[in-house]
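Contents: one structure, followed by commentary.
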Amino acid sequence: MTDEENLTALSGFILLGFSDAPEHQTTLFTIFLSLYILMLLGNLTMILVINTDPQLHTPMYFFLTHLSFIDFCLSSTIVPKALETFLMGRSHITFWGCFAQMYFFFALAICECFVLGVMAYDRYMAVCKPLLYATTMNRARSYGMMALVYIMGFLSSLLHTGLAGTLSFCRARSINHFFCDLPALLKLSCSSTRVNEILQVSDAGLNTLGSALLVLVSYAYILHTILQIPLARGRPKAFSTCASHLVAITIFYMPGTLAYVQPRKARSQDQAKLVSVCYTILIPALNPFIYSLRNKEVKGALRKLWVRKLVPHLPRL
């Protein structure tokens with residue numbers, strides 16, 4: 001390491017957050033804290049309900065449990081430090097803390113991208129191949145698919161983080177963001193970041209296009225199958241099993257694509273921050289409600305959990 005690299009490694013970085021709008025810091029702190037609490041309650045409740053109700057021990061809800069777990073971890077990787085940044089106006093993060101945050105954020109974001117694709121394949125099997133669903137989406141296959149999702153996410157993130165770790169960082173150490181996002185960190189490097197940028201765009205494109213292709217192909221077959229079902233027989237029910245997943249896919253892919261597929265010069269830092277808000281706190285907070293409000297099975301399990309666990313312990317008047 002050079003002297004300048006040693007300086008950065010010892011002193012770490014400064015997260016500026018939304019320092020260009022200091023009058024809004026208190027408002028941002030309140031919004032983020034409220035959404036974070038909502039995210040915690042929503043995702044932990046989903047995990048608890050699915051694991052305690054035997055009727056929800058199916059592949060679809062198995063994947064939904066992992067989606068809630070990934071959302072919980074992703075948001076918890078970013079938001080606590082962001083709250084400190086909003087409260088103080090800016091905050092210090094160590095060199096290793098910054099790279100750890102970047103690593104886990106990238107890994108979990110990629111995992112969520114792929115788990116949504118896996119859930120689309122699960123819906124394809126349920127709607128288009130119902131007679132083969134139980135044997136195809138068995139426990140071993142479901143566990144294997146999720147293991148592959150985590151391996152791809154964490155290995156891909158290791159490549160990005162390891163390559164970023166080889167860069168030289170100058171005395172300028174203020175990151176114009178509320179967390180250690182890779183594009184914002186690359187702007188602080190004294191050395192060439194061309195390879196990092198090419199890998200970032202290509203890998204984001206491959207991950208997004210790969211999972212998006214799985215989603216598109218799955219739903220093309222699903223739509224074809226649904227349209228062949230007589231309207232009065234089961235078409236509304238078939239649509240309802242996919243509606244929540246389609247909403248979750250839409251709100252995840254749109255901001256993620258805007259954030260990482262565009263060339264760095266084509267997007268402003270303010271736009272990058274606003275898009276980051278979507279997939280670090282807004283989407284993780286919304287997903288549990290998207291899947292529960294339109295789902296009779298989840299609402300029924302919630303009612304049973306309330307009656308079984310909470311009502312007996314309420315004081316009687």
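A short reminder: the numbers here are calculations on the coordinates, not readings from a lab. From a predicted model like this one, the values you see are computed outputs, not experimental measurements. With ideal geometry, Cβ positions are generated from the backbone for all residues, glycine too; neighbour counts draw on all protein chains shown.
If only the Cβ of Lys and Arg carry +1 and only the Cβ of Asp and Glu carry -1, the dipole of segment 1-160 around its Cα centre is close to 740 debye. In this structure the amide hydrogen of SER174, modeled in the peptide plane, comes within under 5 Å of the amide hydrogens of ILE14, none closer than 5 places in sequence on its chain.
Rg/Rh for segment 3-303 stands at 1.01; both radii use Cα atoms, and Rh follows the Kirkwood definition. D for segment 105-156, whole µm²/s, Stokes-Einstein with Kirkwood Rh over alpha-carbon pairs at 37 °C and 0.692 mPa s: what number? Rounded, D is 285 µm²/s. Distance between the pseudo-spin-label points of ARG194 and LEU159 (7 Å out from Cα toward the beta carbon): 2.0 nm.
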